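Just below is one structure, and these are the notes that go with it.
The values are calculated or read from the model by the stated rules, or taken from the named source; none is laboratory data. Just so we're clear, the structure is a prediction, and the values are computed from it rather than from any experiment. Counting neighbours? That spans all protein chains shown, and the Cβs are built from the backbone with ideal geometry, glycine included. Surface accessibility is based on the protein's heavy atoms, side chains included, excluding ligands, DNA and RNA. Shrake-Rupley method; radii C 1.70, N 1.55, O 1.52, S 1.80 Å.
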Amino acid sequence: MTTEVDQGKDYEFKKYKTYALKVDPNQDDKATEIRLCNFCRPHMRAFHCSWWTFFVAFFIWFAIAPLLSEVKISLDISKQDIWTSNICSVAGTIVMRFVLGPLCDKYGARTLMGIVLMGASIPCALIGLVNSAASLAITRFFIGLGGSTFVMCQYWSTSMFSKEIVGTANALVGGWGNLGGGVTQLVMGSVLFPLFKTGMSADLAWRTVSIVPAIVGFGTGFIITRISDDCPKGNFKDMKEQGIMTEVSASASFRDGAMNLNTWLLFIQYGCCFGVELTMNNASASYFKEVFELTTESASAIASIFGWMNLFARGLGGFTSDKLNSKMGLRGRLIAQ
């Protein structure tokens, strides 16, 4: 049974006077605990909306990846053309991540998350219309914009949880979101594709199957903007109107981040780490099918195993970071990194 905890000062503007979790009033009412089976607003609702939307974004982003061998045959394109489309799908998210960071400081993560997810769902639904290597690369570039939801995912959870547990919170929402990269291999390649193939040709099946994740993505993007909050005390818009939150310049925020050397050190580390994951998500199914002469369904199932590691590996890293931080401060987080 969930118990509500009265926190903070009554005279201060805040959307909720009581919370389902223990919070720290000195950290803007950020939660000091995580209850995975709790879905109450604002903290745990944002937690679950954050990982689920990122999960769906990953599902959309790599929905076509396990079917690229079928795409290659239908369009009569080369392996190099497929790799070009893989690069374009990653290029889209790189551009948008630079843009969305400063915008989160200005508008909050919730609205931007919904907009980007709904936007990425449209080219996902339209990928069946591609008829050349160029159109495949362009379409995957715009689908790849959905991968930038990682920025909102991490910003959102950071806004909701205190510094003592934020590493665990960020790791869980990020890891469970990345899990979508593995699940999409299994669902799209081993479940939906053969299901669609029972009533149509393989060519028509891969051209229509991506409509399913697109519908889920668009619906999710719309719903989360209605059922969640930007931060513990409410939405950025309301807090600015009440005068308890100052207006932030997106350009100034970007400039401050770009001028910090630590930003670029983390940029390089994350690029090496996440770059490997994206390569695996894009190429695994095609590799297994080509090298081991597997069916699309079998290759996709095997390729999904890599993504399933996110279920525990990333959360374990965040938990370790929090524990070392409690004993050694920031240096502990650096050691965990």
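Can you tell which of Arg45, Arg35 is open to solvent by 10 Å² or more (accessible area, probe 1.4 Å) and in a loop (DSSP other than H, G, I, E, B)?
Numbers: Arg45 fails: in a loop (DSSP other than H, G, I, E, B).
Step by step, each of Arg45, Arg35 is checked, and only Arg35 is open to solvent by 10 Å² or more (accessible area, probe 1.4 Å) and in a loop (DSSP other than H, G, I, E, B).
Take the residues in segment 68-100 that are open to solvent by less than 30 Å² (accessible area, probe 1.4 Å) and under 30 Å from Ser253 (Cβ atoms); name whichever of them is nearest to the chain's Cα centre (by Cα).
Our first condition is that a residue be open to solvent by less than 30 Å² (accessible area, probe 1.4 Å); within segment 68-100, this holds for 68-71, 75, 77, 82, 85-86, 89, 92-93, 100.
From what's left, under 30 Å from Ser253 (Cβ atoms): 89, 92-93, 100.
Details: Ser89: 15, Gly92: 14, Thr93: 11, Leu100: 13 Å.
Across segment 68-100, the extreme among qualifying residues is Thr93.
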Inset, instruction - Considering only segment 229-332, give the helices (runs of 4 or more DSSP H) lying wholly within it that have at least 1 residues that are surrounded by 18 or more Cβ atoms within 10 Å (Cβ to Cβ) and at pLDDT below 90. - result: 261-292, 296-308, 313-328
Inset, instruction - Test each condition in (1) surrounded by fewer than 24 Cβ atoms within 10 Å (Cβ to Cβ); (2) out of contact with any strand residue (DSSP E or B) (no Cβ under 8 Å at 6 or more places or on another chain); (3) under 24 Å from Ala46 (Cα atoms) for Gly108 and report the one that comes out false. - result: (2)
Legend entry - Cβ-Cβ under 9 Å pairs, at least 6 apart or on other chains, segment 120-131 side within 11 Å of Val212 (Cα to Cα), far side surrounded by 23 or more Cβ atoms within 10 Å (Cβ to Cβ) and of a type in the set (D, E, K, R): none
Inset, instruction - Kindly provide the set of residues from segment 30-69 that are in contact with a strand residue (DSSP E or B) (Cβ under 9 Å, 6 or more places away or on another chain) and among the aromatic types (Phe, Trp, Tyr), ordered by number. - result: Phe47
Legend entry - Selection count, segment 141-172, where residues are over 19 Å from Asn281 (Cα atoms), of a type outside the set (Gly, Ala, Ser) and assigned to a helix (DSSP H, G or I): 12
Inset, instruction - Please name all residue pairs, on different chains or six or more residues apart, with Cβ atoms under 7 Å, provided the first residue is in segment 23-44 and is under 14 Å from Val173 (Cα atoms) and the second residue is open to solvent by 50 Å² or more (accessible area, probe 1.4 Å) and in a loop (DSSP other than H, G, I, E, B). - result: Met44/Arg35
Legend entry - Cross-chain or 6+ apart pairs with Cβ under 6 Å, segment 307-331 first and closer than 9 Å to Gly167 by Cα and small (Gly, Ala, Ser), then surrounded by 14 or more Cβ atoms within 10 Å (Cβ to Cβ) and at pLDDT below 90: Ser321/Arg333; Ser321/Ala336
Inset, instruction - Among the residues of segment 198-228, count how many are touching a Gly at 6+ places or on another chain (Cβ under 7 Å) and either in a helix (DSSP H, G or I) or under 30 Å from Lys14 (Cα atoms) (or both). - result: 6
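Being β-branched (Val, Ile, Thr) and in contact with a His (Cβ under 9 Å, 6 or more places away or on another chain) is the filter here; which residues of segment 24-40 pass it?
The first filter runs over segment 24-40 and keeps only residues β-branched (Val, Ile, Thr), leaving 32, 34.
Matches in segment 24-40: Ile34 only.
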Inset, instruction - Quick one: count up the residues across segment 78-119 that are hydroxyl-bearing (Ser, Thr, Tyr) and free of Cβ contacts under 8 Å to residues at least 60 places away in the same chain. - result: 4
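Can you tell me which of Leu278, Leu330, Leu324 is of a type outside the set (Gly, Ala, Ser) and closer than 23 Å to Ser85 by Cα? Lay out the reasoning, then the answer.
Numbers: Leu330 fails: closer than 23 Å to Ser85 by Cα; Leu324 fails: closer than 23 Å to Ser85 by Cα.
Every option except Leu278 fails the conditions.
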Inset, instruction - Evaluate segment 133-145: report whether one residue or more is among the charged types (D, E, K, R) and open to solvent by 10 Å² or more (accessible area, probe 1.4 Å). - result: no
Inset, instruction - Tell me, please, whether a residue that is open to solvent by 10 Å² or more (accessible area, probe 1.4 Å), at pLDDT below 95, within 16 Å of Arg314 (Cα to Cα) and not in a helix (DSSP H, G or I) can be found in segment 176-195. - result: yes
